[in-house]
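Q: What follows is a single structure, and I will ask about it in a moment.
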Amino acid sequence: MVSREQRRASGEPVAEEIAKEEGENLDQPITPEMPEERGKKFRTPGFTRMRFDWHSDDRAVIDRAKSYVQSQVLQRFSDAYEVINDIYEIVREPERDAAGNPVRDQYGFIVWKQEHGKVDEDFNRLTLKQKEHFMFLITTRMFDWEQRANDLWLEAMMAKSQFEERFAIGFDAPVTGTVDDRRAHGNLEAREERYFAIYLTALSRRADGVVRTMQNLSQRLKDSLSPGRV
C-alpha cells in the first residue's frame, strides 16, 4: 500500500515519478512476441483464437487517426511535397489506367510504377540545371521545414507533460491503495490526454520523416552532379 504523501528514494512524490515513467513509454516501440514464444507461456485453448488485426471498430479509429496525421503533414509541408513530386515526375514513371492516364492516390498524388516492390527511378533524367535548381529549393527551405518539425515536437512534448500531470492527479486521488491500483486509476483518468499525446507524437515523427527525406534527396542530387559542379 502507498499513501498520498509517500516519496521515492529520489525525493519525488510517488505519483510524479510513476507519471514520468508512464510518459516515457508513450512512444516506445512495442516488441511483439513470436507465436512460438507466446505458445511457451500460454498453453490454453484461447491461444488458437489469437487475433491478427484490430476489431472492426478499432480499425476504423486507427485508420482515421493515420489519415488525419497524413492530412496534417500534407497541409503543413505542402511545399516540400510539391518539390519532391516535381522531381519524381521527371525521374519516375507513373502507373497508368486503361485510358493511359496517370493513376492518383486519395491525396491526388501520382502513383509511381514499381517492379518487384521497388520504384523504378533514374536521376540521370534530370539535367544539370534541374539538379541545381532543386538543390537550391531544398537547401533554402530546409531551415523553415526544420522549424515546423520542431514546433510539432514542442506540441508533442507539451501533450506528454499534460498526460503526466493528469496521470499524477489521478494516481494521487485515492487516499490508499496499492501502486498497481493507483496506476490503473491514473491511467483511467488520463486516457484522453494519453491518446492525444500519442497522436501528436506520431505527427511529430512523421514531420521528422519529411525533413529527413528532403535532406536525403538533396544529398542524392548533390552526389549525382558531375565532379567540379558541387
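Q: Need the failing condition index for PHE171 against (1) over 24 Å from VAL91 (Cβ atoms); (2) exposed (fewer than 14 other Cβ atoms within 10 Å of the Cβ); (3) aromatic (Phe, Trp, Tyr), just the number.
A: (2)
Q: Take the residues of segment 69-97 that are part of a loop (DSSP other than H, G, I, E, B) and of a type outside the set (A, V, I, L, M, F, W, C): which is surrounded by the fewest Cβ atoms within 10 Å (Cβ to Cβ)?
A: ASP97
Q: For segment 84-102, indicate whether the set of residues that are among the basic types (Lys, Arg) and modelled with pLDDT of 90 or more is non-empty.
A: Yes; the residues of segment 84-102 include at least one that is among the basic types (Lys, Arg) and modelled with pLDDT of 90 or more.
Q: Can you tell me which of (1) within 30 Å of ASN124 (Cβ to Cβ); (2) over 25 Å from the mean Cα position of the chain (by Cα); (3) of a type outside the set (D, E, K, R) is the one ILE169 doesn't meet?
A: (1)
Q: How many of the residues in segment 98-121 are of a type in the set (A, V, I, L, M) and surrounded by 10 or more Cβ atoms within 10 Å (Cβ to Cβ)?
A: So the count comes out to 4.
Q: Consider segment 130-157. How many of its residues are among the hydrophobic types (A, V, I, L, M, F, W, C) and without any contact (Cβ under 8 Å) to a residue 24 or more places away in the chain?
A: 4
The values are calculated or read from the model by the stated rules, or taken from the named source; none is laboratory data. Not measured: the values here are computed from a predicted model. Virtual Cβ from ideal backbone geometry, glycine too; neighbours counted across all protein chains shown.
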